[in-house]
There are 2 protein chains.
Amino acid sequence: MKTVILLSGGMDSTVALWHTLAEGHEVVACLGVDYASKHNAKELPMARWQAEKAGVPFQTANLTFMNQLFQSDLLQSGGEIPEGHYEEENMKSTVVPFRNGILLAVAAGFAESVEAEGLVIAAHSGDHAIYPDCREDFLAPMAQAIAAGTYADVSVLRPFVALRKEDIASRGAELEVDFTHTWSCYKGGDIHCGKCGTCVERKEAFAIAQLEDPTVYLA
Amino acid sequence: MKTVILLSGGMDSTVALWHTLAEGHEVVACLGVDYASKHNAKELPMARWQAEKAGVPFQTANLTFMNQLFQSDLLQSGGEIPEGHYEEENMKSTVVPFRNGILLAVAAGFAESVEAEGLVIAAHSGDHAIYPDCREDFLAPMAQAIAAGTYADVSVLRPFVALRKEDIASRGAELEVDFTHTWSCYKGGDIHCGKCGTCVERKEAFAIAQLEDPTVYLA
């Protein structure tokens, strides 16, 4: 199937790119999104690097209007990124309202424009606790809306929806993914902070999967 | 209910704004979208004019990435706007892939950010023939996805989904909407061309509703 990958430059979507290629699909393009998060400037070059390594065109959609119109500490206009485990209540401040809905909608229009039939999002089960727009009760109707709202009946593929992040790390290791060229940290500093929710989750994924973590953390 | 209106500056969404106010809802904001269509520069000032008249804040989301990434003659990067009736095959070239999906997704995130519980889209039955993303089999799952994907369970309200455009014109006349401050023409010239699909549809709506059409057309 001709597919488009939503590629943020994080671990999950990067493994999704390589997994989709390994499954034999034709990846016609990867789509990155600049939504003015504090870490876009760190993760998007990783996404481009991975796409180039895979020989797949990489495009970026500018959604920086979110910085003015949306409330979230993940955005440049928001407050400090909280530290601690993802599931803690304070991580809710990093939720960007309906972000995955917007990303999927944009990617669906893009997929139709480049004549792709499928669209891959790397949402996984560990995302579900905090993000309503990562859960299957969002993803299933969203997929139905995208199929009904496009001429080509674009399919939303969610290969990791039942996996945990450590399973994705394991799959990436199998596929020899270069994790040094992926970015997670929400703070977007020079190196991964090691303390924010997504750094904590990244560390845990490698540890639980019993893989060496190649990431350099500040703490 | 606290609502956000997707306000393009066309007839339908303008009547939707005044209809929503007349129904007693609190309209906390109107959202316009600049997606680099040939007529955005004409219709967005109309949207702003109507919102200001209604005393409602007006915001614009910049989605001009579509000009580079999407294929459509409606966009500045696209070919000539075809002339003739909406239902003709050549009008398909003006479809912007999954446009309403993207607009609804962006408006859903915006609604959550401004603490609105409802989101109004003025899609009507006349749109359905050509646009897959105006039909109820798209709108229903999209509404479900938006409710599931937002903390506030944002509701998508579609007051005109069973109406024809002439019914919307009639409702606007009842509400004394100033149609001279609405814009339809896809060509985006100085005045309405009178020949493109949306001009033809606008003329027909006034004629069938037996209303005086205040629009100045080139032809």
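Tabulated values for the structure
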| read-out | value |
| --- | --- |
| Residue that is over 16 Å from the mean Cα position of the chain (by Cα) and surrounded by 17 or more Cβ atoms within 10 Å (Cβ to Cβ), where the choices are B:PRO159, B:PRO141 | B:PRO141 |
| Residue identified as part of a loop (DSSP other than H, G, I, E, B), of a type outside the set (Lys, Arg), more than 8 Å from chain A (Cβ to nearest Cβ) and in contact (Cβ under 8 Å) with a residue 24 or more places away in the chain among B:ALA169, B:ALA123 | B:ALA123 |
| Hits in the stretch A:135-190 - residues which are β-branched (Val, Ile, Thr) and out of contact with any Pro (no Cβ under 7 Å at 6 or more places or on another chain) | A:ILE146, A:VAL154, A:VAL156, A:VAL161, A:ILE168, A:VAL177, A:THR182 |
| Criterion: assigned to a helix (DSSP H, G or I), within 14 Å of another protein chain (Cβ to nearest Cβ) and modelled with pLDDT of 95 or more - qualifying residue of B:LEU44, B:LEU17 | B:LEU44 |
| Test: residue in the stretch A:93-116 that is over 14 Å from A:SER13 (Cβ atoms), of a type in the set (S, T, N, Q) and more than 8 Å from chain B (Cβ to nearest Cβ) | yes |
| Yes/no for B:THR60 being under 29 Å from A:SER113 (Cβ atoms) and facing another protein chain (nearest Cβ under 10 Å) | yes |
| Residue within the stretch B:84-92 that is of a type in the set (A, V, I, L, M, F, W, C) and in a loop (DSSP other than H, G, I, E, B) present | no |
| Subset of the stretch B:137-166 (residues that are in a helix (DSSP H, G or I) and more than 9 Å from chain A (Cβ to nearest Cβ)) | B:LYS165, B:GLU166 |
| Boolean, B:GLN71 is surrounded by fewer than 22 Cβ atoms within 10 Å (Cβ to Cβ), part of a loop (DSSP other than H, G, I, E, B), touching a residue at least 24 places away in the same chain (Cβ under 8 Å) and not charged (D, E, K, R) | yes |
| Single unsatisfied condition, B:LEU103 versus (1) modelled with pLDDT of 95 or more; (2) in contact with a helix residue (DSSP H, G or I) (Cβ under 8 Å, 6 or more places away or on another chain); (3) part of a helix (DSSP H, G or I); (4) within 21 Å of A:GLY149 (Cα to Cα) | (2) |
| Qualifying residue in the stretch A:175-188 (condition: closer than 21 Å to A:PRO82 by Cα and within 14 Å of chain B (Cβ to nearest Cβ)) | no |
| Total residues in the stretch B:8-30, condition charged (D, E, K, R), farther than 18 Å from B:ALA173 by Cα and within 14 Å of the chain's Cα centre (by Cα) | 0 |
| Members of the stretch A:172-219 that are surrounded by 23 or more Cβ atoms within 10 Å (Cβ to Cβ), hydrophobic (A, V, I, L, M, F, W, C) and part of a loop (DSSP other than H, G, I, E, B) | A:TRP183, A:CYS185 |
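The values are calculated or read from the model by the stated rules, or taken from the named source; none is laboratory data. Model, not experiment: these values are computed from the prediction. Note that we place each Cβ from the backbone using ideal geometry, even for glycine, and neighbour counts take in every protein chain shown.
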